[in-house]
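Data block below; observations after.
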Amino acid sequence: MRYDELRAKGVLDDAAASGKQVASLARRAAKDLQTAKATVLVDREWAYTMAAQGMVRAARALVLAEGLRPKGREQVKTVLQVAGALLAADFLPLMNQLERMRRKSQQFLDAADRPISAYEGEVALKTAEEFVRRVLQRAFGERYDVLVQSPIALDDASEPEPDLAVVRER
């Protein structure tokens, strides 16, 4: 896909894809999800906000992995536009959920009296985990498995649960 219109508006530049930067954003996205999970029983609204932030960071990693960099005041909007264009149609429900979560999170930040139900918090966390896993899978490529807070069977006695693991398929 061509992004001439976004480039002409001055909100998108070409950038050399740096594996280190993509990995850093991926780790931060996983950490955001971990924070959301740890916080959900104490503060559902903040957990919801962190889950949405993790999704945005994963989308930013994908955009950067494609050699593109948003710029300007509305970078999140640009990231979501580009990520939506990069992802297949089966991502549309997840992209729509991300946009709803992003807007609701902003409402919470602007006016803290916007409660999140327990059910909505649970759904947001599950949606965020699926989105981050699938987007990072796309960013790192099909030859890799992306595990977000999932155990990795190293041997019969060891199954650590890292925040994020990107492992080459066998």
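The values are calculated or read from the model by the stated rules, or taken from the named source; none is laboratory data. None of the values given here were measured: they were computed from a predicted structure. With ideal geometry, Cβ positions are generated from the backbone for all residues, glycine too; neighbour counts draw on all protein chains shown. Accessible surface areas use protein heavy atoms only, side chains included; no ligands, DNA or RNA. Shrake-Rupley method; radii C 1.70, N 1.55, O 1.52, S 1.80 Å.
Pairs meeting the criteria (first residue in the stretch 99-126 and free of Cβ contacts under 8 Å to residues at least 40 places away in the same chain, second residue of a type outside the set (Phe, Trp, Tyr), beta carbons under 7 Å, at least 6 apart or on different chains) are GLU99/LEU80; GLN107/ARG114.
Quick check, is LEU94 of a type outside the set (Lys, Arg), buried (at least 22 other Cβ atoms within 10 Å of the Cβ) and in a helix (DSSP H, G or I)? When the stated conditions are applied, LEU94 does not pass them.
When VAL22 is tested against (1) surrounded by 20 or more Cβ atoms within 10 Å (Cβ to Cβ); (2) modelled with pLDDT of 90 or more, exactly one condition is not met: (2). Taken together, the residues in the stretch 21-53 that are aliphatic (A, V, I, L, M) and either free of Cβ contacts under 8 Å to residues at least 60 places away in the same chain or touching a strand residue (DSSP E or B) at 6+ places or on another chain (Cβ under 8 Å) (or both) amount to 10.
Consider MET55 carefully, then state whether it is open to solvent by less than 30 Å² (accessible area, probe 1.4 Å), within 19 Å of GLU130 (Cα to Cα), touching a Phe, Trp or Tyr at 6+ places or on another chain (Cβ under 6 Å) and not basic (Lys, Arg).
In short, yes.
A quick yes/no check of all residues on (1) in contact with a helix residue (DSSP H, G or I) (Cβ under 7 Å, 6 or more places away or on another chain); (2) of a type outside the set (S, T, N, Q):
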position: SER24; (1), (2): no, no
position: LYS31; (1), (2): no, yes
position: LYS37; (1), (2): yes, yes
position: VAL82; (1), (2): yes, yes
position: ASP113; (1), (2): no, yes
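Looking at VAL76, VAL63, just one residue is crowded, with 24+ Cβ neighbours inside 10 Å and touching a strand residue (DSSP E or B) at 6+ places or on another chain (Cβ under 9 Å), and that residue is VAL63. Could you list all residues from the stretch 25-42 that are open to solvent by less than 30 Å² (accessible area, probe 1.4 Å) and of a type in the set (Gly, Ala, Ser)? Selection gives ALA26, ALA29, ALA30, ALA36.
Taking each residue of the stretch 54-70 that is farther than 13 Å from ALA85 by Cα and looking for partners that are among the acidic types (Asp, Glu) with beta-carbon atoms closer than 7 Å, six or more apart or interchain, yields GLY54/ASP32; ARG57/ASP32; GLY67/ASP14; ARG69/ASP13.
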